[in-house]
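> Sharing a structure, written as structure tokens. Questions coming.
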Amino acid sequence: MKKLRYILVLVMMLSGFAGVYAQTEGELIYIDYYSPKEYEVGDIIVTGADHLDHTSVILLSGISVGEKIMIPSDKFSTAIDKLWKQGIFEDIHIYITKVKGRTIFLEYALKTKPRLSSFRFEGVSRSEGDKIKEKLGIAMGDVVTDNLKTNCTNIIHDYFADKGYYNAKTEIIEKRDTNSARKESQLTFKIDKGKKVRIGKIQINGNEYLSDSKIRRQMKNTKEFRWWRIWKSSRLIEDEYKADKKLVIEKYNNEGFRDAAITWDTTYVRSTDSKRDEIVINMNIYEGKKYFFRDITWVGNTKYSSKELSDRLRINKGDAYNKELLTRNVNYDPTGKDISSLYMDDGYLFFRVIPTEINIENDSIDIEMRIYEGTQARIGKVDITGNTTTNDFVIRRELKTIPGQLFSRDDVMRSIREIQQLGYFNNEKINPKIDPNIQSGTVDITYELMEENSGNQVSFSGGWGGGMLLLQGGLVLTNFSARKIFDGSAWRPFPVGDGQRVSISLQTNGSYYYGGSLSFTEPWLGGRKPTSLSAGVYYTYQDDSYYYDVSNYHIKILGASVSLGKRLTWPDDYFTLVQGIKYQLYDVKNATSFIMSTGKANNLAYTITFGRNSVDQPIYPRTGSEFTAEGAFTFPYSLVNGKDYEQLSLQDKFRWLEYYKINLRAGWYLNIVDNLVLSARSRFGFLGRYNNDIDYSPFERYYLGGDGLTGYALDGREVVSLRGYEASALAPENGATAFDKFTMELRYPITLNPAASVYVLAFAEGGNSWSDLNSFSPFKMYRSAGVGIRIFMQMFGLIGFDWGYGFDPAFGEINRSKGHFHISLNGSID
């Protein structure tokens, strides 16, 4: 069978031939270039591309079976162009294989480019190769084209540029895969990433008002290399550099220079005396003149007077022009002192204010505040989405936005805060979707949540205290459902969803000490009012031990407690009041370290806790404060029973313990910049007595020092952490009746992913404890400083690792280790 090459016909035509005879299977045809004839395409076959879908190839060419085309015409050259643009062919021919009357039959003879059978990297580590492979996105079977190679080279160079290697070179070697029967190639990427190139100099020109150093400080990520700046790299990343240039201009704008601009900037690489290349950034700044606010007037306001609004705006005539400050004080100030909050907290959801520059004269700007107050909006529907485990009612009872009441932006923000406090959801992705309806004057609110915490936490910790290794393990269910206990399908692995809390804890040293506790909390007793019910029991036991050189020795403690808590509305609704009763039975035998070495003591006390907590979220708080005042009071038996306590034995004196105990705790959180947070905390504790004829209670005393693990509390002691020292090293031998502690921490998060939140910290703290209240001296402290890291995982809670350096010798220390490593669990260091 003979074939007529269309490309040959074109050549002949261009050579001056008026026409040509072509012999095909079945018929001799004459192609006259000056008198084209119409033919119908009878069939199209594709050869040389068996691995491609032939129907798709024909479709891409633009010629279809049954189509009428003129011969000669540019239809064939267009088809070739379309196929060539696919980038997968290295040779394309279109043949007329047969002609029957006015019907022609075509063949697409194709030669495809090789396919990729494998690829590998040279000159980089295995981990780098894996990361590059992920970014390249190529796979076996891809067509090996020049475009593919160019894209791969660019991706590799961009990858290493982000790492600071700006001189990376890549050579791609293509080799035919002889083991494959198909046309396939192997690629080898030979990479020379070169040396890391850092930013050596940021040169700034044209600035007068802001110094070079202040401008450089505005650049958040683009920094000159300094050997001591270990927390920030000196790489030039284009997107970050662009963002940093905007920050520089924003700084100028906030200082009143509204016309400031970076007129030009350039970057280049230069060699240094140390034979190491460095990047130089050169930028020129036009500052312009400084502008000031002059007259600020209000139009459209009827609810509040212009003076009230001006006082709320907190911008005075003559202040430097600051658009960011104006926007913040008008639309949203985190403190709630903006103009919009004034209206929106009173239902004016449709309120709008548009600051308009109405006059610019020399360096002064007049602003007209154009207000649309609208009507007050009431809340329509309140929906919740995304809570896959937690029941709706657990969330709804925390909300401050109630259908039918006036809309308040502050209520929405407070509702978000209360949802965060539950600890079941991704705090960074709580989104209140506001859907206003101007016609009806209502607004629907949907709280979009992402459930991240199953409500189950497994804890395990170990520490050294009291001369022994202490092991503690437990299970905490923070979203338990007691009503589903008898529902077998709900045990996956535990019934959850109702917001109740169950805690089980076990402690042991592996030989002669063990203990356990069980507690339950219902945060909404009855389900209608925020009244909580908590109950718990615990038991600890220690028997004969080498620690005490005695025989037939033991200490047993059996305890139980029950309490009711209530959220208060005064002084504000951040306050809570919890009242309860606790009871402990102490059974001591031959415990020579106690004031009462043998006997039984009963501890029945009324407890009360008054507190306020306004921190924004529990895992990584950025703002807010917390304060608690705790009291425990026994009955003053000695003052009413008429007994002469000077004549009583220790067993009789302490048969019923009498004391009062006050604990104070306060904490503040300040978001300094970005997510950098300063935490300041303080604690005080006092154990008092009603009758001076009776010594302080041998139980309930304070033991200061160490990591604060409370598993080894055989005498009802309260263990208080102070990093940099051994456990209980800062307490008198028989415990303290007063202590204080002050802590400052600087925190910064590595990740706030709810599945595993991590932040690092640096701390400085000090404290002391005293055996008698009369010796209390709050500023005579043992000091320490150090660093640490906190890791929050859903299944294990908050785990801490700290290293602290104690500056002062503890009680009786001569040769001591000043540095100590501490492990904490669920905030035992506080």
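> Of the residues 111, 183, which single one is among the charged types (D, E, K, R) and open to solvent by 80 Å² or more (accessible area, probe 1.4 Å)? Spell out the reasoning first.
On the way: 183 fails: open to solvent by 80 Å² or more (accessible area, probe 1.4 Å).
After ruling out the rest, the residue left standing is 111.
> Could you go through the range 224-240 and let me know if any residue there is buried (at least 17 other Cβ atoms within 10 Å of the Cβ) and assigned to a helix (DSSP H, G or I).
No, the range 224-240 has no match at all.
> State whether the residues of the range 86-102 include one that is acidic (Asp, Glu) and open to solvent by less than 50 Å² (accessible area, probe 1.4 Å). Walk me through it before giving the result.
Let us first name the residues in the range 86-102 that are acidic (Asp, Glu), namely 90-91.
Checking the rest, the ones that are also open to solvent by less than 50 Å² (accessible area, probe 1.4 Å) come to none.
Among the residues of the range 86-102, not one is acidic (Asp, Glu) and open to solvent by less than 50 Å² (accessible area, probe 1.4 Å), which makes the answer no.
> Which of the residues spanning the range 362-398 are over 28 Å from residue 351 (Cβ atoms) and among the aromatic types (Phe, Trp, Tyr)?
Matches in the range 362-398: 393 only.
> Exactly one condition in (1) touching a helix residue (DSSP H, G or I) at 6+ places or on another chain (Cβ under 8 Å); (2) among the basic types (Lys, Arg); (3) at pLDDT below 80 is not met by residue 3; state its number.
Only one criterion in (1) touching a helix residue (DSSP H, G or I) at 6+ places or on another chain (Cβ under 8 Å); (2) among the basic types (Lys, Arg); (3) at pLDDT below 80 is unmet by residue 3, namely (1).
> Let me ask another. Evaluate the following for residue 60: is it touching a helix residue (DSSP H, G or I) at 6+ places or on another chain (Cβ under 7 Å), open to solvent by 20 Å² or more (accessible area, probe 1.4 Å) and of a type in the set (A, V, I, L, M, F, W, C)?
yes
> Also: Just give me the residues in the range 63-87 being part of a loop (DSSP other than H, G, I, E, B), modelled with pLDDT under 90 and farther than 25 Å from residue 182 by Cα, in sequence order. Walk me through it before giving the result.
Residues of the range 63-87 part of a loop (DSSP other than H, G, I, E, B): 63-67, 72-74, 85-87.
Subsequent filtering for residues that are modelled with pLDDT under 90 retains 72-74, 85-87.
72, 73, 74 - these are the residues of the range 63-87 that are part of a loop (DSSP other than H, G, I, E, B), modelled with pLDDT under 90 and farther than 25 Å from residue 182 by Cα.
> Has the range 569-582 got any residue that is hydroxyl-bearing (Ser, Thr, Tyr), more than 24 Å from residue 613 (Cα to Cα) and outside any strand (DSSP E or B)?
Step one: of the range 569-582, the residues hydroxyl-bearing (Ser, Thr, Tyr) are 569, 574, 576.
Filter again for more than 24 Å from residue 613 (Cα to Cα), leaving none.
No, the range 569-582 contains no residue that is hydroxyl-bearing (Ser, Thr, Tyr), more than 24 Å from residue 613 (Cα to Cα) and outside any strand (DSSP E or B).
> For the range 623-649, which residues satisfy the criterion of being open to solvent by less than 70 Å² (accessible area, probe 1.4 Å), in contact (Cβ under 8 Å) with a residue 40 or more places away in the chain and in a helix (DSSP H, G or I)?
The answer is 638, and nothing else.
> Would you confirm whether or not the range 260-277 contains a residue that is crowded, with 18+ Cβ neighbours inside 10 Å, on the phi > 0 side of the Ramachandran plot, in contact (Cβ under 8 Å) with a residue 12 or more places away in the chain and out of contact with any Leu (no Cβ under 6 Å at 6 or more places or on another chain)? Explain how you work it out, then say what you get.
As a first pass, look at the range 260-277 and keep what is crowded, with 18+ Cβ neighbours inside 10 Å: 260.
Subsequent filtering for residues that are on the phi > 0 side of the Ramachandran plot retains none.
No, there is no match, as no residue in the range 260-277 is crowded, with 18+ Cβ neighbours inside 10 Å, on the phi > 0 side of the Ramachandran plot, in contact (Cβ under 8 Å) with a residue 12 or more places away in the chain and out of contact with any Leu (no Cβ under 6 Å at 6 or more places or on another chain).
> Here's something else I'd like to know. Among (1) open to solvent by 70 Å² or more (accessible area, probe 1.4 Å); (2) out of contact with any helix residue (DSSP H, G or I) (no Cβ under 7 Å at 6 or more places or on another chain); (3) in contact (Cβ under 8 Å) with a residue 60 or more places away in the chain, where does residue 335 come up short?
(3) is the only condition that residue 335 fails.
> Still on this structure: Can you work out which of the residues in the range 480-508 that are of a type outside the set (A, V, I, L, M, F, W, C) and under 20 Å from residue 825 (Cβ atoms) is surrounded by the most Cβ atoms within 10 Å (Cβ to Cβ)?
Filtering the range 480-508 for residues of a type outside the set (A, V, I, L, M, F, W, C) gives 481, 483-484, 487-489, 492-493, 495, 497-501, 503, 505, 507-508.
After this cut, where a residue has to be under 20 Å from residue 825 (Cβ atoms) as well, the list is 501, 503, 505, 507-508.
On the way: 501: 17, 503: 18, 505: 18, 507: 22, 508: 19.
The qualifying residue surrounded by the most Cβ atoms within 10 Å (Cβ to Cβ) is 507.
The values are calculated or read from the model by the stated rules, or taken from the named source; none is laboratory data. Computed from a prediction, not measured in an experiment: that's the story for all the values here. Here Cβ is always computed from backbone atoms with ideal geometry, including for glycine, and neighbour counts include all displayed protein chains. What goes into the accessible areas is simple: the full protein's heavy atoms, side chains included, and nothing from ligands, DNA or RNA. Shrake-Rupley method; radii C 1.70, N 1.55, O 1.52, S 1.80 Å.
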